[in-house]
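Student: Let me give you the structure first, and then I'll get to my questions.
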Ligand SMILES: Cc1cc2nc3c(=O)[nH]c(=O)nc-3n(C[C@H](O)[C@H](O)[C@H](O)COP(=O)(O)OP(=O)(O)OC[C@H]3O[C@@H](n4cnc5c(N)ncnc54)[C@H](O)[C@@H]3O)c2cc1C
């Protein structure tokens, strides 16, 4: 137990995690804390992480960010969901849209009605009942129309960190540039006392936030927290990333296209397309993956693809002694559902709620560690679901995924849905029932039975109700402008010099 008051926070690392932490702490707790951030231009950031989920909107509100200004500064576009291709079967397409499905009632969720209609031979596609999915399919978007769309952003990661840095420095956050050469700890209790930079500068603090990325310089190299490996459930372990010229107007969605040993992403920004290929080194060589990736990129690549290696899993403790891990240093679930930036934001929120102003005590640490673990495990299960539910047997990789055993927590959810169409969800879980349902049905997990609530209506009543819901969505989408037209009007960014500005630096595991 350490009863020293926490007055100075030192953030090690200036990627998305470091600058988001600095931005939130300076905005919300700046009058109580001194904040210093250390980053090294020579090391650079991971340079990816450009697709987000809707929780980013409320976090930005907390930071006082002006949406149109942020979008211009980061070349951002809007995101209404993810389009998955080839996941259940080769040639499949389904959308995980951010909105609600149809209309639920107290007895249960909308999909129970839809399943009944489907058994009677009508009802169309599940996505017909999601406003966001239909807007996405039509490439339409607006922020101000009623009903409001649930949305997130695609953003340029490098520009985002720079944009946040501007906010932070305006609020008094001190930035120290330089590589951390040494971490000094207290001989008696092992608490971190200071970071020593290569130039000799010593940065002292009471609380340290490790945002050094996959290196986890403080949490692993110094405090040796250990890592729980999830490779058996999330077998991909590397990704190629490259930006390319846009080959048409930006879509309001991320695309995740399954390939023979993983999947590739497309993330459209205003000025360019972000492309990546996530794969598993046990099933595909780097050269094969690169050739497959390059052959499929739509626009002209803006530089040579870069290989990033990673390990799926979590740091065994998110808070150890006077150090807290945020971002990649705390763990990583591969980017399929764009959850990492959200996990940073929720980690920062938790830190502010549990902030140890009057000293670090075990109960706060335990609470923080438990919540961090629960959250990451739930996100892991949701991502593993996509792999487990494949019906593909056309490559060794997909055969492995289809037949692998999954965490008990996920196996129970799959069984529950298969046997009863029920989705169990705790109140504080990130992914809603509708998200689980879209992925499970999108990948052909059709339940053996469902709640009989649909049978409480006569067939004509059910037909009428479903047709009404579909019609309302169609009308609402028809009123929306094209996504690109809305961007041009609302937040058009100046043309970007992509190659010069965005070429990412090295990243290591
Ligand atoms: C392939 C891939 C795709 C991804 N896609 C998404 C996505 O679509 N959506 C999403 O939400 N997330 C995504 N992520 C995750 C996302 O990239 C990260 O969560 C996010 O960028 C935060 O990274 P970070 O700040 O933790 O680390 P980094 O960006 O690596 O930053 C680390 C910082 O620490 C500094 N540093 C390190 N060592 C030292 C040292 N010795 N001295 C001084 N400074 C040091 C570096 O200079 C840098 O500033 C993806 C990740 C990968 C690998």
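Student: Restricting the stretch 241-250 to residues that are more than 18 Å from the chain's Cα centre (by Cα) and touching a residue at least 60 places away in the same chain (Cβ under 8 Å), which is nearest to the ligand (Cβ to nearest atom)? Reasoning before the result, please.
Tutor: Within the stretch 241-250, the subset more than 18 Å from the chain's Cα centre (by Cα) is 242-250.
Those still in the list that are touching a residue at least 60 places away in the same chain (Cβ under 8 Å) too: 242-243, 249-250.
Numbers: 242: 11, 243: 13, 249: 21, 250: 15 Å.
Per the stated criteria, the residue is 242.
Student: Could you list, in sequence order, all residues of the stretch 14-51 that are at negative phi, more than 6 Å from the ligand (Cβ to nearest atom) and in a loop (DSSP other than H, G, I, E, B)? Even if it seems obvious, please write down each step before you answer.
Tutor: Here is the first cut: in the stretch 14-51, the ones at negative phi are 14-43, 45-46, 48, 50-51.
Pick out the ones that are also more than 6 Å from the ligand (Cβ to nearest atom) and you get 19-37, 41-42.
Within the stretch 14-51, 30, 31, 32, 33, 41, 42 meet the criteria.
Student: So residue 109 passes all but one of these: (1) buried (at least 20 other Cβ atoms within 10 Å of the Cβ); (2) over 21 Å from the mean Cα position of the chain (by Cα); (3) modelled with pLDDT under 95; (4) within 15 Å of the ligand (Cβ to nearest atom). Which condition number does it fail?
Tutor: (4)
Student: Name the single residue, out of those in the stretch 183-194 being part of a strand (DSSP E or B) and more than 10 Å from the ligand (Cβ to nearest atom), that is surrounded by the most Cβ atoms within 10 Å (Cβ to Cβ). Lay out the reasoning, then the answer.
Tutor: Residues of the stretch 183-194 part of a strand (DSSP E or B): 183-185, 192-194.
If we keep only those that are more than 10 Å from the ligand (Cβ to nearest atom) too, we end up with 184-185, 192-194.
Values: 184: 13, 185: 17, 192: 24, 193: 15, 194: 16.
If we take residues in the stretch 183-194 being part of a strand (DSSP E or B) and more than 10 Å from the ligand (Cβ to nearest atom), then 192 is surrounded by the most Cβ atoms within 10 Å (Cβ to Cβ).
Student: On to the next question. Taking the stretch 375-403 on its own, how many of its residues are closer than 21 Å to residue 229 by Cβ and without any contact (Cβ under 8 Å) to a residue 12 or more places away in the chain?
Tutor: Total meeting the criteria: 1.
Student: Would you check if there is a residue in the stretch 82-91 being surrounded by fewer than 19 Cβ atoms within 10 Å (Cβ to Cβ), free of Cβ contacts under 8 Å to residues at least 24 places away in the same chain and not assigned by TED's automatic domain parsing to the domain that holds residue 423?
Tutor: Yes, the conditions are met somewhere in the stretch 82-91.
Student: Out of the residues in the stretch 483-509 that are out of contact with any helix residue (DSSP H, G or I) (no Cβ under 9 Å at 6 or more places or on another chain) and modelled with pLDDT of 95 or more, which is surrounded by the fewest Cβ atoms within 10 Å (Cβ to Cβ)?
Tutor: For the stretch 483-509, the residue satisfying everything is 489.
The values are calculated or read from the model by the stated rules, or taken from the named source; none is laboratory data. What you see is a predicted model, and the numbers here were worked out from it, not measured in a lab. Virtual Cβ from ideal backbone geometry, glycine too; neighbours counted across all protein chains shown.
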